[in-house]
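The block underneath contains the structure these notes are about, expressed in C-alpha coordinates.
The values are calculated or read from the model by the stated rules, or taken from the named source; none is laboratory data. Computed from a predicted structure; not experimentally measured. We place every Cβ from the backbone using ideal geometry, glycine too, and count neighbours over all the protein chains shown. All accessible areas refer to the heavy atoms of the entire protein, side chains included, with ligands and DNA or RNA removed. Shrake-Rupley method; radii C 1.70, N 1.55, O 1.52, S 1.80 Å.
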Amino acid sequence: MHFTGYLAIHDFSQELEKEFELRCVKIHEKKDRFYLVEGDGPDLIWAQMTARNLETIEITSINDGVKKLKERGRNWGLFTVANHRRAQLIQDELPKFNTKPIPFRHPLPEKPMGFWTLWDTNIILASQTTSSPFALGEMDFQEDKVMPPSRAYLKLWEFFTVYAPEALNGGTSIDVGSCPGGWTWVLRTLEFDKTVSVDKAPIENRIMNMGKIEFRKESAFGLDPKDFGEIEWFCSDIICYPERLLTLVKKFLAAGTVKNFVCTIKYQAETDWENTLKFLEIPGSRIVHLHHNKHEVTWFLKGVKA
Ligand SMILES: C[S@@+](CC[C@H](N)C(=O)[O-])C[C@H]1O[C@@H](n2cnc3c(N)ncnc32)[C@H](O)[C@@H]1O
(Lines give C-alpha, C1' and ligand atoms only; values in the text may rest on other atoms or scores of the structure.)
Protein backbone atom coordinates (compact mmCIF):
# COMPACT_ATOMS: atom_id res chain seq x y z
CA MET A 1 0.00 0.00 0.00
CA HIS A 2 1.40 3.42 -0.87
CA PHE A 3 0.18 6.81 0.27
CA THR A 4 -0.20 10.35 -1.02
CA GLY A 5 0.44 13.13 1.49
CA TYR A 6 -1.21 16.56 1.45
CA LEU A 7 -0.03 19.58 3.39
CA ALA A 8 -2.99 21.92 3.94
CA ILE A 9 -2.49 25.65 3.56
CA HIS A 10 -2.03 27.32 6.93
CA ASP A 11 -5.48 28.25 8.33
CA PHE A 12 -7.28 26.42 5.48
CA SER A 13 -7.34 22.81 6.73
CA GLN A 14 -11.16 22.98 6.71
CA GLU A 15 -11.15 23.84 3.01
CA LEU A 16 -8.87 20.91 2.24
CA GLU A 17 -11.07 18.57 4.29
CA LYS A 18 -14.15 19.81 2.42
CA GLU A 19 -12.35 19.23 -0.87
CA PHE A 20 -11.51 15.64 0.18
CA GLU A 21 -15.20 15.14 0.88
CA LEU A 22 -16.33 16.67 -2.44
CA ARG A 23 -13.83 14.54 -4.36
CA CYS A 24 -14.81 11.40 -2.37
CA VAL A 25 -11.27 10.97 -1.07
CA LYS A 26 -11.04 9.19 2.29
CA ILE A 27 -8.53 10.52 4.80
CA HIS A 28 -6.45 7.62 6.12
CA GLU A 29 -4.72 9.59 8.87
CA LYS A 30 -4.05 13.21 9.80
CA LYS A 31 -1.41 14.85 11.98
CA ASP A 32 -1.38 18.62 12.41
CA ARG A 33 -2.20 19.91 8.88
CA PHE A 34 -0.66 16.94 7.07
CA TYR A 35 -3.03 14.34 5.62
CA LEU A 36 -2.45 10.83 4.33
CA VAL A 37 -4.67 9.17 1.76
CA GLU A 38 -4.28 5.67 0.36
CA GLY A 39 -2.99 5.22 -3.20
CA ASP A 40 -2.68 8.01 -5.78
CA GLY A 41 -4.80 10.96 -4.69
CA PRO A 42 -5.93 13.76 -7.03
CA ASP A 43 -4.38 17.25 -7.28
CA LEU A 44 -6.29 19.45 -4.85
CA ILE A 45 -6.73 23.24 -4.74
CA TRP A 46 -6.20 23.69 -1.02
CA ALA A 47 -3.03 21.59 -0.76
CA GLN A 48 0.05 23.73 -0.34
CA MET A 49 2.16 20.75 -1.35
CA THR A 50 1.34 17.21 -2.43
CA ALA A 51 3.81 14.39 -1.73
CA ARG A 52 3.31 11.38 -4.00
CA ASN A 53 4.61 7.81 -3.53
CA LEU A 54 5.39 8.36 0.13
CA GLU A 55 7.87 5.84 1.41
CA THR A 56 7.82 4.59 5.01
CA ILE A 57 11.39 4.38 6.28
CA GLU A 58 12.29 2.85 9.63
CA ILE A 59 15.26 4.45 11.35
CA THR A 60 17.31 3.44 14.36
CA SER A 61 18.88 6.82 15.18
CA ILE A 62 19.24 10.41 14.01
CA ASN A 63 22.34 9.46 12.00
CA ASP A 64 20.49 6.55 10.44
CA GLY A 65 17.68 8.94 9.40
CA VAL A 66 20.19 11.33 7.83
CA LYS A 67 21.90 8.47 5.99
CA LYS A 68 18.65 7.01 4.64
CA LEU A 69 17.33 10.36 3.40
CA LYS A 70 20.68 11.24 1.78
CA GLU A 71 20.64 7.89 -0.04
CA ARG A 72 17.30 8.84 -1.59
CA GLY A 73 17.85 12.43 -2.67
CA ARG A 74 19.64 15.72 -2.05
CA ASN A 75 17.00 18.32 -1.22
CA TRP A 76 14.49 17.73 1.55
CA GLY A 77 11.81 20.06 2.88
CA LEU A 78 10.72 19.15 6.42
CA PHE A 79 7.28 19.55 7.95
CA THR A 80 7.16 18.43 11.58
CA VAL A 81 4.03 16.83 12.98
CA ALA A 82 5.60 15.61 16.26
CA ASN A 83 9.08 14.89 17.62
CA HIS A 84 10.00 18.37 16.45
CA ARG A 85 13.49 18.50 17.96
CA ARG A 86 14.51 15.07 16.75
CA ALA A 87 13.25 15.89 13.25
CA GLN A 88 15.14 19.20 13.23
CA LEU A 89 18.37 17.46 14.31
CA ILE A 90 18.05 15.21 11.25
CA GLN A 91 17.23 18.19 8.98
CA ASP A 92 20.29 20.07 10.27
CA GLU A 93 22.56 17.29 8.97
CA LEU A 94 21.01 17.18 5.48
CA PRO A 95 22.50 19.17 2.57
CA LYS A 96 21.52 22.84 2.57
CA PHE A 97 19.59 24.28 -0.36
CA ASN A 98 18.83 27.80 -1.55
CA THR A 99 15.79 29.37 0.12
CA LYS A 100 16.57 32.96 -0.87
CA PRO A 101 13.83 35.09 -2.45
CA ILE A 102 13.94 34.91 -6.24
CA PRO A 103 13.44 37.61 -8.90
CA PHE A 104 10.27 37.73 -11.05
CA ARG A 105 10.31 35.14 -13.89
CA HIS A 106 13.44 33.50 -12.46
CA PRO A 107 13.83 29.96 -13.88
CA LEU A 108 12.41 27.37 -11.52
CA PRO A 109 14.85 25.11 -9.61
CA GLU A 110 15.61 22.04 -11.73
CA LYS A 111 16.63 19.69 -8.90
CA PRO A 112 13.70 17.80 -7.35
CA MET A 113 12.57 19.02 -3.96
CA GLY A 114 11.71 16.17 -1.63
CA PHE A 115 9.44 16.19 1.38
CA TRP A 116 9.83 14.34 4.63
CA THR A 117 8.30 14.18 8.06
CA LEU A 118 9.06 12.25 11.22
CA TRP A 119 5.75 10.45 11.56
CA ASP A 120 6.78 8.62 14.70
CA THR A 121 9.99 8.52 16.75
CA ASN A 122 11.58 5.99 14.41
CA ILE A 123 9.39 6.31 11.30
CA ILE A 124 10.11 8.72 8.47
CA LEU A 125 7.64 9.35 5.67
CA ALA A 126 9.48 10.66 2.61
CA SER A 127 8.72 11.53 -0.99
CA GLN A 128 10.90 12.67 -3.86
CA THR A 129 7.83 13.32 -6.04
CA THR A 130 6.36 16.54 -4.74
CA SER A 131 4.10 19.05 -6.46
CA SER A 132 6.49 21.99 -6.08
CA PRO A 133 10.17 22.69 -6.79
CA PHE A 134 10.15 24.80 -3.59
CA ALA A 135 10.38 23.30 -0.09
CA LEU A 136 6.81 22.68 1.17
CA GLY A 137 5.56 24.73 -1.81
CA GLU A 138 6.65 28.00 -0.18
CA MET A 139 8.31 30.68 -2.33
CA ASP A 140 9.23 34.31 -1.88
CA PHE A 141 10.20 37.06 -4.29
CA GLN A 142 12.78 39.81 -4.17
CA GLU A 143 10.05 42.39 -3.80
CA ASP A 144 9.87 45.73 -5.60
CA LYS A 145 9.14 48.20 -2.79
CA VAL A 146 9.10 51.24 -5.11
CA MET A 147 6.84 50.84 -8.14
CA PRO A 148 3.85 48.59 -7.38
CA PRO A 149 1.08 50.49 -5.59
CA SER A 150 -0.24 47.36 -3.83
CA ARG A 151 1.08 43.92 -2.85
CA ALA A 152 -1.46 42.24 -5.16
CA TYR A 153 1.30 42.22 -7.83
CA LEU A 154 2.94 39.27 -6.02
CA LYS A 155 0.08 36.98 -7.11
CA LEU A 156 0.64 37.80 -10.77
CA TRP A 157 4.42 37.53 -10.33
CA GLU A 158 3.97 34.05 -8.85
CA PHE A 159 1.54 33.05 -11.58
CA PHE A 160 3.78 34.13 -14.48
CA THR A 161 6.89 32.68 -12.80
CA VAL A 162 5.50 29.27 -11.85
CA TYR A 163 2.47 28.56 -14.06
CA ALA A 164 3.12 30.56 -17.24
CA PRO A 165 6.90 30.94 -17.60
CA GLU A 166 6.73 30.67 -21.41
CA ALA A 167 7.75 33.67 -23.51
CA LEU A 168 5.07 36.27 -24.29
CA ASN A 169 4.69 37.63 -27.80
CA GLY A 170 3.30 41.15 -27.64
CA GLY A 171 -0.39 41.70 -28.36
CA THR A 172 -2.99 43.05 -25.95
CA SER A 173 -3.49 42.19 -22.30
CA ILE A 174 -6.49 43.29 -20.27
CA ASP A 175 -6.59 43.79 -16.50
CA VAL A 176 -10.06 44.13 -14.97
CA GLY A 177 -10.48 45.35 -11.40
CA SER A 178 -7.10 47.04 -11.78
CA CYS A 179 -7.01 49.87 -9.19
CA PRO A 180 -4.57 50.90 -7.72
CA GLY A 181 -2.50 49.32 -10.52
CA GLY A 182 -0.30 46.47 -9.24
CA TRP A 183 -1.37 43.96 -11.91
CA THR A 184 -1.37 46.61 -14.65
CA TRP A 185 2.21 47.44 -13.62
CA VAL A 186 3.22 43.76 -13.93
CA LEU A 187 1.59 43.46 -17.37
CA ARG A 188 3.27 46.69 -18.42
CA THR A 189 6.69 45.24 -17.49
CA LEU A 190 6.01 42.24 -19.77
CA GLU A 191 6.25 42.34 -23.55
CA PHE A 192 2.66 43.36 -24.38
CA ASP A 193 2.10 46.04 -27.03
CA LYS A 194 -0.87 47.38 -25.07
CA THR A 195 -2.51 46.82 -21.68
CA VAL A 196 -6.16 47.76 -21.19
CA SER A 197 -6.77 48.53 -17.53
CA VAL A 198 -10.37 48.62 -16.27
CA ASP A 199 -11.74 49.78 -12.92
CA LYS A 200 -14.38 52.11 -11.55
CA ALA A 201 -11.56 53.84 -9.64
CA PRO A 202 -8.41 55.24 -11.31
CA ILE A 203 -5.01 53.60 -11.18
CA GLU A 204 -2.06 55.57 -9.85
CA ASN A 205 -0.51 58.19 -12.11
CA ARG A 206 2.98 56.73 -11.98
CA ILE A 207 1.60 53.52 -13.49
CA MET A 208 -0.41 55.40 -16.14
CA ASN A 209 2.72 57.38 -17.03
CA MET A 210 4.54 54.18 -18.03
CA GLY A 211 2.70 54.41 -21.37
CA LYS A 212 1.11 51.69 -23.54
CA ILE A 213 -1.79 51.59 -21.03
CA GLU A 214 -5.38 52.35 -22.01
CA PHE A 215 -7.38 53.04 -18.84
CA ARG A 216 -11.16 52.63 -18.88
CA LYS A 217 -13.05 54.02 -15.91
CA GLU A 218 -16.09 51.77 -15.99
CA SER A 219 -17.54 48.53 -14.67
CA ALA A 220 -15.88 45.41 -16.06
CA PHE A 221 -19.26 43.73 -16.21
CA GLY A 222 -20.44 46.09 -18.95
CA LEU A 223 -17.46 45.44 -21.26
CA ASP A 224 -18.14 44.23 -24.78
CA PRO A 225 -15.46 41.77 -26.00
CA LYS A 226 -15.95 43.11 -29.53
CA ASP A 227 -14.25 46.39 -28.46
CA PHE A 228 -10.89 44.73 -27.87
CA GLY A 229 -9.99 42.47 -30.78
CA GLU A 230 -7.60 39.62 -29.98
CA ILE A 231 -6.53 39.41 -26.33
CA GLU A 232 -3.38 37.51 -25.31
CA TRP A 233 -4.08 37.55 -21.57
CA PHE A 234 -7.35 38.36 -19.79
CA CYS A 235 -6.51 39.06 -16.14
CA SER A 236 -9.00 39.72 -13.35
CA ASP A 237 -8.48 40.58 -9.71
CA ILE A 238 -11.96 42.13 -9.30
CA ILE A 239 -13.56 42.00 -5.89
CA CYS A 240 -16.90 40.39 -6.70
CA TYR A 241 -19.00 37.30 -6.14
CA PRO A 242 -17.54 34.26 -7.96
CA GLU A 243 -20.81 33.88 -9.87
CA ARG A 244 -20.43 37.36 -11.43
CA LEU A 245 -16.84 36.65 -12.40
CA LEU A 246 -17.90 33.37 -13.99
CA THR A 247 -20.49 35.20 -16.12
CA LEU A 248 -17.84 37.70 -17.25
CA VAL A 249 -15.33 34.95 -18.09
CA LYS A 250 -17.96 33.02 -20.04
CA LYS A 251 -18.84 36.16 -22.03
CA PHE A 252 -15.21 36.60 -23.13
CA LEU A 253 -14.80 32.85 -23.72
CA ALA A 254 -17.86 32.81 -25.96
CA ALA A 255 -16.45 35.72 -27.98
CA GLY A 256 -13.53 33.45 -28.92
CA THR A 257 -11.00 36.28 -28.86
CA VAL A 258 -9.05 35.49 -25.69
CA LYS A 259 -6.04 33.17 -25.72
CA ASN A 260 -5.29 32.95 -21.99
CA PHE A 261 -7.10 33.75 -18.75
CA VAL A 262 -5.91 34.24 -15.18
CA CYS A 263 -8.48 35.31 -12.59
CA THR A 264 -8.63 35.54 -8.83
CA ILE A 265 -11.80 33.95 -7.40
CA LYS A 266 -12.41 35.79 -4.14
CA TYR A 267 -14.54 34.52 -1.28
CA GLN A 268 -16.52 36.21 1.45
CA ALA A 269 -16.68 34.50 4.85
CA GLU A 270 -17.44 31.11 3.27
CA THR A 271 -15.70 29.42 0.35
CA ASP A 272 -18.16 29.34 -2.57
CA TRP A 273 -17.71 25.71 -3.65
CA GLU A 274 -20.66 25.67 -6.03
CA ASN A 275 -19.22 28.31 -8.32
CA THR A 276 -15.62 27.19 -7.81
CA LEU A 277 -16.58 23.80 -9.23
CA LYS A 278 -18.37 25.52 -12.14
CA PHE A 279 -15.10 27.27 -13.02
CA LEU A 280 -13.37 23.88 -13.00
CA GLU A 281 -15.92 22.56 -15.49
CA ILE A 282 -14.45 24.90 -18.13
CA PRO A 283 -12.39 22.43 -20.18
CA GLY A 284 -8.61 22.69 -19.85
CA SER A 285 -8.71 25.04 -16.90
CA ARG A 286 -7.08 24.71 -13.49
CA ILE A 287 -7.50 26.24 -10.08
CA VAL A 288 -4.58 26.67 -7.69
CA HIS A 289 -4.10 28.38 -4.39
CA LEU A 290 -1.00 30.48 -4.97
CA HIS A 291 1.42 30.94 -2.09
CA HIS A 292 0.46 34.64 -2.32
CA ASN A 293 -3.32 34.03 -2.31
CA LYS A 294 -5.27 34.53 0.90
CA HIS A 295 -8.94 33.41 1.14
CA GLU A 296 -9.13 33.30 -2.64
CA VAL A 297 -7.89 31.02 -5.40
CA THR A 298 -6.52 31.50 -8.90
CA TRP A 299 -8.34 30.09 -11.93
CA PHE A 300 -6.46 29.90 -15.22
CA LEU A 301 -6.90 28.65 -18.75
CA LYS A 302 -4.08 28.73 -21.29
CA GLY A 303 -3.90 28.36 -25.04
CA VAL A 304 -7.60 28.70 -25.85
CA LYS A 305 -6.85 29.92 -29.39
CA ALA A 306 -3.70 28.09 -30.46
C1 LIG B 1 -8.14 43.76 -5.00
S2 LIG B 1 -8.47 45.20 -5.90
C3 LIG B 1 -7.42 44.97 -7.28
C4 LIG B 1 -5.97 45.20 -7.00
C5 LIG B 1 -5.15 45.23 -8.27
N6 LIG B 1 -5.14 43.93 -8.92
C7 LIG B 1 -3.72 45.64 -8.00
O8 LIG B 1 -2.82 44.85 -8.27
O9 LIG B 1 -3.49 46.78 -7.56
C10 LIG B 1 -10.06 44.91 -6.54
C11 LIG B 1 -10.58 45.98 -7.43
O12 LIG B 1 -11.80 45.53 -8.04
C13 LIG B 1 -12.48 46.70 -8.40
N14 LIG B 1 -13.86 46.44 -8.80
C15 LIG B 1 -14.91 46.06 -8.04
N16 LIG B 1 -16.03 45.97 -8.81
C17 LIG B 1 -15.65 46.31 -10.07
C18 LIG B 1 -16.33 46.40 -11.32
N19 LIG B 1 -17.64 46.14 -11.40
N20 LIG B 1 -15.65 46.76 -12.41
C21 LIG B 1 -14.32 47.04 -12.35
N22 LIG B 1 -13.62 46.95 -11.19
C23 LIG B 1 -14.27 46.61 -10.07
C24 LIG B 1 -12.36 47.59 -7.17
O25 LIG B 1 -12.60 48.93 -7.50
C26 LIG B 1 -10.91 47.29 -6.75
O27 LIG B 1 -10.07 48.30 -7.21
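On the accessible surface of the chain, probed at 1.4 Å, how many percent belong to carbon and sulfur atoms? Carbon and sulfur atoms account for 49 percent of the accessible area of the chain. Per-residue surface analysis assigns L280 an accessible area of about 60 Å², computed on protein heavy atoms at 1.4 Å probe radius. Taking every alpha-carbon pair within the chain, the share separated by more than 33 Å comes to 32 percent.
Shape analysis of the range 3-137 yields a ratio of the Cα radius of gyration to the Kirkwood radius, Rg/Rh, of 0.97. Just to be sure I understand: of the beta bridges DSSP finds with both ends in the range 153-301, what percent are antiparallel, rounded to 5? Among the beta bridges of the range 153-301, antiparallel pairing accounts for roughly 30 percent.
Built from the Cα atoms of the range 228-296, the convex hull projects on average onto 4.8 nm², one quarter of its surface area. Please state, as a whole number in µm²/s, the translational diffusion coefficient that the Stokes-Einstein equation yields for the range 153-301 at 37 °C and 0.692 mPa s, with Rh defined as the Kirkwood radius across alpha carbon pairs. Value of D from the Cα-based Kirkwood radius: 213 µm²/s.
With the helix formula -39500 (n - 2.57) applied to DSSP H stretches of n ≥ 4, the chain reaches a computed 222 nm mean residue ellipticity of -6500 deg cm²/dmol.
Between S150 and L22, the FRET efficiency estimated from the beta carbon spacing at R0 = 25 angstrom works out to 0.15. Per residue, the range 153-301 exposes 42 Å² of accessible surface when a 1.4 Å probe is rolled over the protein heavy atoms with every protein chain present. Annotation for the range 216-233 versus the range 12-29: alpha-carbon center distance of 38 Å. Please state the relative contact order of the chain as a whole percent: Cα pairs under 8 Å, 6+ residues apart? Taking the mean separation of contacting Cα pairs over the length of the chain, I get 13 percent.
Taking the C-alpha atoms only, the angle from helix 62-72 to the longest principal axis of the chain is near 50 degrees. Rounded to whole numbers, the Karplus 3J(HN,Hα) couplings from phi for the range 20-26 are 4, 4, 5, 8, 6, 9, 8 Hz, using 6.51 cos²θ - 1.76 cosθ + 1.60 with θ = phi - 60°, and x at Gly and Pro.
Which of the three applies to the range 104-218, rounded, prolate or oblate, going by the alpha-carbon gyration tensor with a ≥ b ≥ c and a/c under 1.5 meaning rounded? Prolate shape, in that a/c is at least 1.5 and a/b is the bigger ratio.
Summing +1 for each Lys or Arg and -1 for each Asp or Glu among the other residues whose beta-carbon sits under 13 angstrom from that of N275 gives -2. Legend: distances between Cα atoms for K200/K302; K251/K278; K26/K68; pairs beyond 19 Å are K200/K302; K26/K68.
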